[in-house]
Every structure is written in structure tokens, then in C-alpha cells.
Amino acid sequence: MALDEETRARLSGVSTATLTTCLFKRGFRNVFLQDVHPVAPGGPRMVGEAFTLRLIPAREDLDTMAVYADPDHPQRKAIETCPAGHVLVIDSRGDPRAASAGDILIARLKARGVAGIVTDGGFRDVAGIARLGFPAYHRRPSAPPGVVFHHAADFGLPIGCGGVAVYPGDVMVGDAEGVVCVPAHLAVEVAAEAAEMTLYETFVEERVRAGEPLPGLYPASEASRAAFALWRASRGL
């Protein structure tokens, strides 16, 4: 099922911290990609369905610079077929020794309306990527071309990225802290709960700044929920 605009908007307004809490309450412990960071901290947030690409170790007789001239090369094909509003998620086996992509390919994704790109490897041309204003997440910068260590094997299949299982269509949400993978079938209910949690935490932050102690406020109590309802109504929220 495609990600509806209301759910997309809700996910755009909540943190990965809140989402991991909501998922943990449903039994999901391993949803936050490890060692995956924004290329440009403070850049735009990311929300979109996963479109997956899998890289395996390179082999010298198969992986040369000449392969990139083939329009059916899986990496190039993924760049040209990742749907608008989706996130290209690359399984680089946690290996950042060679680039999973660079600024030109990522600029092409932006031009096609893709929502972001994620790898547990590295990107090259990171200064150029940062200037794009496009959500991009990786482990660390990596200048060598991808074929030095990576062979693009296939796309559109389940992968692992940052130690997390990512299935095509799962919803990837990225912020300054990193990227969380929300299982597709839970996206609507998790987005709704996370939006409510975020609103309550806004109320809590206001009360804490005013000097109120945490007990009975955070976690919520019956009294704090009643106070929150009044606070919410006074703001028309």
C-alpha cells in the first residue's frame, strides 16, 4: 500500500527517537540503522518508502569502470527507476572503503523527485552532496569508485542496511540522529501514535521549562493527561 500524504506528513513531524519508542512498544528492537549518519547535519528530513539496491563484494574480472556505461547496470538502473517519493536504500555490507554513489547520481535522484538515499557504506563528493539540500545518509565519506570493492548485484529485494532488515516498501524516516525503518504494515498506526507522543512531549517540555518536576508528568499520569487536554484545547490542537 502506498504511503498516504497524511501519514507522510505525520512522519515528517516526528523524531526517529519517538518512532523507535513506538516500535519498541510493539516488540521491534532493531529498527534504527547503525553507523548511518546524515551527510549534512541540519539538512532536510527524509520520509519515503524503501527502494532497495544490493551490493556484494567486487570481483576483478567483472567490476571495472566500463560497467557504468551499461544502462542496465543495477546501480545505474536503480537510479533511473527508483520511484518519486521513495528512498533508495543501499546494502553496502557496512563497507565504506569504496563509494556507493556520488554527487552526480544523487543529483539525478533529486531531479527525479526521489525522497532520499541511504547506505551503510560511504558516498564520494560529499561537499557536492551537501550542497544539494537532499537527504543523504551514509557511514562516512569514501573517495574510491564503487567498483573497487562493490559489485551491484540486484535491486527491489529485501536487504540489510546498518544491521537492519529492510523490505521494499518499508518506510524510511531520517533526521539529524539517523534513520529508522518502519515496517510498511505499521506505518499508519505508528505515525499516528508518534504524532500524539510528540504533541504531549511539547507540552511536557513547556512545563519542565516552567519548573515542574518530572514525577507525575513524564511518564504521563491521569492528572498530567487532564492538564494536557486543557493545554491542547486552549491551543486548538
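The values are calculated or read from the model by the stated rules, or taken from the named source; none is laboratory data. Treat the numbers as computed from the prediction; the structure is a model and nothing was measured. All Cβ positions, glycine included, derive from the backbone under ideal geometry; neighbour counts span all protein chains shown.
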Residue count, region 60-101, condition over 15 Å from Tyr137 (Cβ atoms) and over 18 Å from the mean Cα position of the chain (by Cα), comes to 23
Taking region 8-58 and keeping residues of a type in the set (S, T, N, Q) and over 15 Å from the mean Cα position of the chain (by Cα) leaves Thr21
Those residues of region 222-234 that are closer than 13 Å to Glu201 by Cα and among the polar types (S, T, N, Q) come to a total of 1
Would you confirm whether or not region 80-94 contains a residue that is more than 30 Å from Ala9 (Cα to Cα) and in contact with a Leu (Cβ under 8 Å, 6 or more places away or on another chain)?
yes
Given (1) assigned to a loop (DSSP other than H, G, I, E, B); (2) in contact with a strand residue (DSSP E or B) (Cβ under 6 Å, 6 or more places away or on another chain); (3) within 26 Å of Val182 (Cα to Cα), Ile129 misses just (1)
With the first residue restricted to region 133-157 and required to be in the same structural domain as Leu88 (by TED's automatic domain parsing), and the second required to be among the basic types (Lys, Arg) and surrounded by fewer than 17 Cβ atoms within 10 Å (Cβ to Cβ), Cβ contacts under 6 Å at 6 or more apart or on different chains are Phe149/Arg97
